[in-house]
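Asker: For reference, the structure I am asking about is given below.
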Amino acid sequence: MKQITDDLIPDIEKVEESFKLLLDSSNLFSTSNEVIDFFFKQLIFIPRIAFPNDKIKTFKLFRIRKKTTIKKENLSDPLSFSFPPPEFCYVERANLTGKPVFYGCDNQFSAILETDIGKNEIFYLSEWTLTIHPNHYLFLLLFDNINSENLWYNISINMLNSLLKEFDFLSEKSIITLRYINSVFSNLFIKLSRSNYLISASIADNLIYHNHEGINTIGIVYPSVKNDLHSINFAINWYYSIKYLKLDNVHKLKMKDDLHRPELLSSGFNKDGIIIWD
């Protein structure tokens, strides 16, 4: 990785101006490349905080697909409940049009909130196990934008402190700027309106699908806006998800008055790559 020195880190005033200019110019961007060229030209250096991975780690993820979005797909195939085909992908918070990612939440309730399930609507809630191997990393966007009751709150604090310790050879001024960049960078993912999703989606795509100086980032983690920052969302590289995400089970549900207690219609479990329904 390129050696970072004080002269590579812009003054905090320049960073503030750059982020303001980025948002003020958002309606001028028509492509992802324009966003990325502007972003990296303005900031020069962006500290990337990746979840450390010196051994195999697993996470439980929950994902929802509405019944109305499943047309002729095979309900015995786990991929039917995974990321959508490119032709059904439109720009969202962490993906570009035509470029899917696997979206998942760390709990079932957040998955329901993120999908805006209406009363009496039928949907499928799937549970997955994500296996992350050594030298594969999750990029964290959890700084100064996460509820203190969130289970990842302490992880975010420890990771930021680790970053600052790693760069303790820099001046205090540079350290303050690094912390500020991480804070604003993370907040981009929870404060942008849908009309500005091209900005967050372009940055997410760049992080997820491009190898940065030997850091193999396979996904990003950011707070759930719909759950008031109490939980987190994952956006995972679609190719990585095929290899390292395993569907455990899936439930067909109907939403009732209580979001916490939808009606269970049927369930299926994964047996040797085929979903067996009851």
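Values in this text are rule-based calculations from the coordinates and carry no lab data. Predicted model only: the values in this text are computed from it and were never measured. When we count neighbours, we look across all protein chains shown, and the Cβ atoms used for this are built from the backbone with ideal geometry, even at glycine.
Asker: Take every Cα-Cα distance within region 142-206, group them into 5 Å bins from 0 onward, and report for each bin the whole-number percent of pairs it holds.
Answerer: Whole-percent P(r) values from 0 Å outward: 3, 17, 20, 21, 18, 14, 5, 1, 0.
Asker: Compute, for region 128-278, the length of the dipole vector about the Cα centre, with Cβ point charges of +1 (Lys, Arg) and -1 (Asp, Glu) only. Units Debye, rounded to 20. Could you put the intermediate results ahead of the total?
Answerer: Numbers: 13 positive and 14 negative charges, 59 e Å.
Dipole of region 128-278, to the nearest 20 debye: 280 debye.
Asker: Now a separate question. Could you list 28, 264, 113, 75 in order of exposure, starting from the residue whose Cβ has the fewest other Cβ atoms within 10 Å?
Answerer: Final ranking by Cβ density, sparse to dense: 28, 264, 75, 113.
Asker: Farthest toward the dipole's positive end in the chain, which of 234, 155, 183, given Cβ charges of +1 (Lys, Arg) and -1 (Asp, Glu) about the Cα centre?
Answerer: Of the candidates, 234 comes out farthest on the positive side.
Asker: Ok, one more. For every helix of n ≥ 4 consecutive DSSP H residues, a contribution of -39,500 (n - 2.57) applies; sum these over the chain, divide by its total residues, and give [θ] at 222 nm rounded to the nearest 500 deg cm²/dmol.
Answerer: Numbers: 7 runs with 87 residues, N = 278.
The helix-only estimate for the chain comes to -10000 deg cm²/dmol at 222 nm.
Asker: Using a cut-off of 14 Å between alpha-carbon atoms, which aspartates and glutamates can reach residue 246, once sequence neighbours fewer than 8 places away in the same chain are excluded?
Answerer: Within reach: 77, 127, 272.
Asker: Does anything in region 240-261 have its amide N under 20 Å from the 7 Å Cα→Cβ label point of residue 121, and if so which residues?
Answerer: 250-261
Asker: Let me ask you something else. How much length would be gained if the chain were fully extended between residue 277 and residue 99, taking 0.36 nm per residue of separation minus their Cα-Cα distance, in nm to one decimal?
Answerer: Working: separation 178, 0.36 × 178 = 64.08 nm, distance 3.05 nm.
So the chain would gain 61.0 nm between residue 277 and residue 99.
Asker: Additional query: Could you run the Karplus curve 6.51 cos²θ - 1.76 cosθ + 1.60 with θ = phi - 60° over region 256-264 and give me ³J(HN,Hα) per residue in whole Hz, x for Gly and Pro?
Answerer: 10, 5, 8, 4, 7, 9, x, 7, 7
Asker: In nanometres, what is the gap between the two model label sites at residue 40 and residue 195, each 7 Å from Cα along Cα-to-Cβ?
Answerer: Between residue 40 and residue 195, the simple spin-label model gives 2.9 nm.
Asker: Using unit Cβ charges (K, R positive; D, E negative) and no other charged atoms, how large, in debye to the nearest 20, is the dipole of the chain about its Cα centre? Each step should come with its number before you reach the end.
Answerer: Values: 30 positive and 33 negative charges, 188 e Å.
Its charge dipole is roughly 900 debye.
Asker: Report, in debye and to the nearest 20, how large the dipole of region 211-278 comes out about its Cα centre when Lys and Arg carry +1 and Asp and Glu carry -1 on their Cβ.
Answerer: On the way: 8 positive and 8 negative charges, 29 e Å.
Here the size comes out at about 140 debye.
Asker: Moving on. Counting other Cβ atoms within 10 Å, keep those with at most 14, restrict to DSSP loop, and tell me which GluC sites (Glu not before Pro) in region 74-181 are left. The partial results should precede the final answer.
Answerer: Working: sites: 87, 92, 114, 121, 127, 149, 166, 172; in loops: 121, 149.
Qualifying residues, ordered by number: 149.
Asker: Right, here's the next one. List the pairs from 57/191; 20/41; 72/252 whose alpha-carbon separation is above 19 Å, in the order I gave them.
Answerer: 57/191
Asker: Give me the distance in nm between label points sitting 7 Å out from Cα along the Cα-to-Cβ direction at residue 266 and residue 161, one decimal.
Answerer: Distance between label points: 5.1 nm.
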